[in-house]
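Asks: Below are the structure tokens for one structure; questions will follow.
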Amino acid sequence: MPETIGTSRVNAQAVLEAAKQIPTPFYIYDEQMIRDRCKQFMTMPSAFGILPRFAMKANSGKALLQIIDAEGLGIDASSLNEAKRALMAGIEPSRILLTTQEVPTGDERLELEDLLIKGLHYNACSLTQLRAVLPFAKKNSLKIGVRVHPGVGSGESVTRNTGDKYSCFGIHLSDLEQAVQLAREAAVPVTRVHVHIGSGGDPEAWRENIQRELGFIETYFPETETVNFGGGFKEARMPDEIPADIQDLGLTAKKEVEAFYTRTGRKLKTEVEPGNYIIANAGSLVCSVMDIKQTGPDGFTFVLLDGGMETITRPLLYGSRHPFTVLSKDGKVRSDEFHLDNADTQDLIVVGRCCESGDSLTLNADHSIATRPMALPEPGDFFIIGGTGAYCSSMSPFNYNSHYQAPEILLRTNNKLQVIRNQQSLAQMTVNEKELG
Ligand SMILES: *Cc1c(COP(=O)(O)O)cnc(C)c1O
């Protein structure tokens, strides 16, 4: 049995070392893999230059943002607070594009204005947002972007399709004329057009959007200099999944942007916004096996972990599958999803410790509980869940059942480990609570 775990550089020895420094459950990230993925996007083919922006909602950890910033990527922030966290990580406002559902008012509006003056890029995502920002943009000679709702999207599940009529991200096609009119009246140039069709969908849908989006620019936006094709690049977490081909999608985009230039004489810069693809497989969640339980002769055997839906919500939310590694407490790989042929496996159900029957890591998309083959662990063993670098730490309801927000550790490129977030304390969990008067 190889001592590798999943597809990152995190191996059995790194997990054992990390577990000496922080308690389980914890997230462990592979710096080298994050850097390699960043380079893949920095060198993605493009016609007239490319700026990849990391979709920081995938993972908003400070040290991780600093790695990604150092690799030359910009930031895609989906809330004002995300933009502020990027600033706190030392990232320049001019490196950040804010694309949000929010319509800031009061103090938040003033904060947004302050950041806009400092160079933050802004994508108007509704007519309301557009009307709110135009007078300020005009007064300060700012340029803006527009997120277009293309009417067609694709996602790994219905809940991750952001482009069809069942979701409301961006200014819908049928409102574009009005949007253009508003911007023209205010004399504010729309220099960026943005479409993000969804997360983890069919790469062919991403490809098809390229031409559609360039068509919007040709029809409506004569001042646009940058086309942003969004993120959503499919990542393969499980051995049977196929990832998007970044190079190939880049070549298609390059060809289309060149054809646009031939048609119109306009040289567009390209932006893309990967989240998942940068960081999903660079992260693993390391849990401890607390208990093994069973539900009778017609029932199942359950592996009970000290981390579940409060550290990784994706299975409950989407029916997502993540690869499992069972590691004995002394560092022997009992089974690994990528080498199951060599292991002595049983069909087991894996659950967390929340009082919630849906707190399972082996769920189908319809929320039915499924079994998965793996080695039967012993209490005290490590249980490692792969593909948890994106939309886990940043997305999970971590204080449910009063569990702590989990600590995080980074495997550096020199193979040293560095704690990048401590475990939350009970005092921190309750700091804002007041006594009954
Ligand atoms: C979520 C999001 C992304 C990233 O999607 P991934 O599937 O993680 O690549 C990019 N752009 C926008 C606007 C988003 O909301």
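The values are calculated or read from the model by the stated rules, or taken from the named source; none is laboratory data. Bear in mind that the values here come from a model prediction, so they are computed numbers and not experimental data. So basically every Cβ, Gly included, is an ideal-geometry build from the backbone, and we count neighbours across all protein chains shown. Accessible surface is based on the protein model in full, side chains and every heavy atom, while ligands, DNA and RNA are left aside. Shrake-Rupley method; radii C 1.70, N 1.55, O 1.52, S 1.80 Å.
Asks: Tell me which of 77, 140, 315 sits at the most positive position along the dipole axis of the chain, charges placed on C-beta atoms (Lys, Arg +1; Asp, Glu -1).
Replies: 140
Asks: Among 305, 120, 367, flag the residue with its Cα farthest along the positive direction of the charge dipole of the chain, charges on Cβ as +1 for Lys/Arg and -1 for Asp/Glu.
Replies: 120
Asks: Under 1.5 on a/c is rounded, so check that first for the chain, then, if it is not, pick prolate when a/b is larger than b/c and oblate when it is not; a ≥ b ≥ c are the square roots of the alpha carbon gyration tensor eigenvalues.
Replies: prolate
Asks: Let me ask you something else. Can you say what percent of the DSSP beta bridges in the stretch 182-304, counting only those with both residues inside, are antiparallel? Round to 5. Intermediate results must be reported in sequence, preceding the final value.
Replies: On the way: 4 of 10 bridges.
Antiparallel: roughly 40 percent of the beta bridges in the stretch 182-304.
Asks: Accessible area, 1.4 Å probe, largest first: how do 220, 29 sort? Each step should come with its number before you reach the end.
Replies: On the way: 220 50, 29 0 Å².
So the residues, ranked largest to smallest area, are 220, 29.
Asks: Of the peptides 293-303, 361-371, how do they stack up when ordered by the mean number of other Cβ atoms within 10 Å, highest first?
Replies: Numbers: 293-303: 12.3, 361-371: 15.2.
Peptide ranking by packing, descending: 361-371, 293-303.
Asks: Right, another one. So how far apart, in nm, are the two label points at residue 174 and residue 66 if each is 7 Å from Cα heading toward Cβ?
Replies: Once both label points are built, they end up 4.9 nm from each other.
Asks: Short version: ³J(HN,Hα) in whole Hz for each residue of the stretch 329-341, in order, from phi by Karplus 6.51 cos²θ - 1.76 cosθ + 1.60 (θ = phi - 60°), x for Gly and Pro, what are they?
Replies: Values per residue, Gly and Pro as x: 5, 9, x, 9, 6, 7, 7, 9, 3, 8, 9, 5, 4 Hz.
Asks: Report, by chain and number, residues whose modeled amide H sits under 5 Å from the one on residue 269, excluding near sequence neighbours (fewer than 5 apart, same chain).
Replies: Placed amide hydrogens put 226, 227 under 5 Å from residue 269.
Asks: Continuing with the same structure: Students often check this: by mean Cβ neighbours within 10 Å, which of 119-128, 225-234 ranks highest, and how do the rest follow?
Replies: On the way: 119-128: 21.1, 225-234: 25.2.
Result, highest mean Cβ count within 10 Å first: 225-234, 119-128.
Asks: If you plug each phi of the stretch 389-402 into the Karplus form 6.51 cos²θ - 1.76 cosθ + 1.60 with θ = phi - 60°, what whole-Hz ³J(HN,Hα) values come out, in order, with x for Gly and Pro?
Replies: x, 10, 6, 10, 3, 7, 10, 8, x, 5, 8, 4, 6, 6
Asks: Any idea how far apart residue 48 and residue 114 come out in nm if each label point goes 7 Å out from Cα toward Cβ?
Replies: Modelled inter-label distance: 3.6 nm.
Asks: Convert each backbone phi in the stretch 164-172 into a coupling constant with the Karplus relation 6.51 cos²θ - 1.76 cosθ + 1.60 (shift: θ = phi - 60°), then list the ³J(HN,Hα) values in order as whole Hz, x for Gly and Pro.
Replies: My calculation for the stretch 164-172 gives 9, 6, 8, 9, 10, 9, x, 8, 5 Hz in order.
Asks: Considering the options 150, 89, 338, tell which one lies farthest towards the positive end of the dipole of the chain, charges being +1 on Lys and Arg and -1 on Asp and Glu at the Cβ, about the Cα centre.
Replies: Going by the charge dipole, the pick is 89.
Asks: Scan around residue 223 for amide H atoms under 5 Å from its own, H built in the peptide plane at 1.01 Å from N, and keep only partners 5 or more places away or cross-chain.
Replies: Placed amide hydrogens put 190 under 5 Å from residue 223.
Asks: Note down the magnitude of the dipole of the stretch 337-437 about its Cα centre, charges +1 on Lys and Arg C-beta and -1 on Asp and Glu C-beta and zero elsewhere, to the nearest 20 debye. Present the calculation step by step, with values, prior to reporting the outcome.
Replies: Details: 6 positive and 12 negative charges, 112 e Å.
It comes to approximately 540 debye.
Asks: Moving on. Express as a percent, rounded to the nearest 5, the fraction of DSSP beta bridges in the chain (both residues included) that run antiparallel. Intermediate results must be reported in sequence, preceding the final value.
Replies: Working: 32 of 65 bridges.
Percentage antiparallel, nearest 5: 50.
Asks: For the chain, what does the helix formula give at 222 nm: sum of -39500 (n - 2.57) over DSSP H segments with n ≥ 4, over the residue count, nearest 500 deg cm²/dmol?
Replies: Numbers: 12 runs with 126 residues, N = 437.
So the calculated ellipticity at 222 nm is -8500 deg cm²/dmol.
Asks: Would you mind working out the magnitude of the charge dipole of the chain relative to its Cα centre, with +1 at each Lys and Arg C-beta and -1 at each Asp and Glu C-beta, to the nearest 20 Debye?
Replies: Numbers: 44 positive and 55 negative charges, 275 e Å.
Dipole of the chain, to the nearest 20 debye: 1320 debye.
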